[in-house]
Amino acid sequence: MSNHVSRRKFLGAAAASVPGAWSLANALPSHTSDADQGASVTSKNRIIDMHVHFDEKNPNFIADFLKLSDRLNLTACMLTPFANRKIVADAAKQHSTQIIPFGFVDLDAPDVVKQVEELHGMGYRGLGELEFVKKPYNDPSYFPVYELANRYGWIVLFHTGIVLRRNFDEPEDVASGRMRPIYLEEIARRFPKITVLGAHCGNPEYEWAAEIARWNPNVFFDLSGSTLTKMYARLAEFQKIFWWSATGWHSAEWTVKTPNNDLSAFIKIVFGSDTNLNEIESVVKQYHDMFEACDVPEQTRNYGRDAR
Ligand SMILES: [Zn+2]
């Protein structure tokens with residue numbers, strides 16, 4: 001969701017290690033240019049934030065983001081409305097270490113397939129955040145978009161779970177029931193070259209989200225939104241939801257593909273902030289608190305670091 005009010009109070013200090021996923025490192029091609037400005041920008045050990053909405057209301061958004069990116073050593077998958085595709089594509093070319101362009105399209109738009117092809121031609125690397133759909137995510141009318149994403153080997157970020165209400169006085173054709181995490185299972189299986197990312201871990205269907213991630217090597221979730229605030233006093237419960245660490249109860253491919261044979265279930269969680277630029281650091285702190293509460297091993301926390 002892009003319209004967040006300021007409601008996170010856990011202002012933290014330094015950027016903690018935040019997780020991502022081994023497959024994300026595979027899915028995000030190495031940058032080829034080093035044209036990035038700024039002496040502090042390095043391509044090593046960066047936090048990858050999968051969930052940064054481009055803010056079209058802020059004319060200085062790119063500049064503001066780059067400053068923050070330098071300070072936190074953070075790369076954003078920048079979720080970009082189709083109308084803003086050019087400015088973000090250009091910024092991503094100029095600052096390839098810091099900005100990875102993702103196309104924020106409406107799955108119900110009549111020309112959505114054409115939009116996705118155009119985004120691909122402009123150097124976009126994925127789609128998201130897909131949301132506010134008129135039909136459930138697994139509706140066959142959306143398959144042409146998924147087929148393209150599959151062909152491109154893209155990451156696709158889906159909103160999952162409860163969704164805010166924008167208009168209180170007018171009828172809205174919006175329902176969180178169309179965006180349940182269970183629909184991602186079918187997409188991941190039908191389109192195995194898509195890396196399927198669910199935002200918000202299906203809030204509140206965390207168990208479904210985690211179980212789908214467990215058996216599908218190409219499914220991951222972020223914990224953005226209200227979840228880490230809601231669960232603040234009971235963060236250790238994530239150990240019960242992501243329960244299969246060091247057991248054999250997971251996809252067999254996992255053992256083959258994870259670096260260092262890391263069997264922590266927490267590699268299925270990626271870092272996503274989904275907030276204003278000035279609050280991203282506080283979300284990093286929230287993730288860090290969750291890791292501490294769940295005794296997440298250091299190497300698992302560091303999967304989110306971009307080691308390109
Ligand atoms: Zn969302």
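Annotations
- Share of carbon and sulfur in the accessible heavy-atom surface of the stretch 159-304 [1.4 Å probe, %]: 51 percent
- Greater than 19 Å apart at Cα, pairs in K230/K285; K86/K135; K86/K193; K67/K93; K57/K134: K86/K135; K86/K193; K57/K134
- Annotation note: GluC sites (Glu not before Pro) in the stretch 109-213 located in DSSP loop regions with a Cβ neighbour count of at most 13 within 10 Å are E172.
- Sites I241 and I182, calculated FRET efficiency, Cβ-Cβ separation with R0 25 Å, nearest 0.05: 0.95
- Stretched out straight at 0.36 nm per residue, the stretch from F143 to K193 would grow longer than its current Cα-Cα span by 16.6 nm.
- The stretch between T229 and K134, if pulled fully straight at 0.36 nm per residue, gains 31.3 nm over its current Cα-Cα span.
- The chymotrypsin sites (Phe, Trp or Tyr not before Pro) of the stretch 184-241 include none that meets both conditions, a loop assignment by DSSP and at most 15 other Cβ atoms within 10 Å of the site Cβ.
- Rolling a 1.4 Å probe across all protein chains gives K86 an accessible area of roughly 120 Å².
- Global form of the stretch 161-259, assessed from the alpha-carbon gyration tensor, a/c cut-off 1.5: oblate
- Estimated D of the stretch 148-189 in µm² per second, where Rh is the Kirkwood radius over Cα pairs and Stokes-Einstein applies at 20 °C, 1.002 mPa s: 172 µm²/s
- R71 - accessible surface, heavy atoms, 1.4 Å probe, Å² rounded to 10: 150 Å²
The values are calculated or read from the model by the stated rules, or taken from the named source; none is laboratory data. What you are looking at is a predicted structure, and each value in this text was computed from that prediction instead of being measured. Ideal geometry is used to build each Cβ from the backbone, glycine not excepted, and the neighbour counts take in all protein chains shown. Keep in mind that these areas ignore ligands, DNA and RNA; they rest on the heavy atoms of the full protein, side chains included. Shrake-Rupley method; radii C 1.70, N 1.55, O 1.52, S 1.80 Å.
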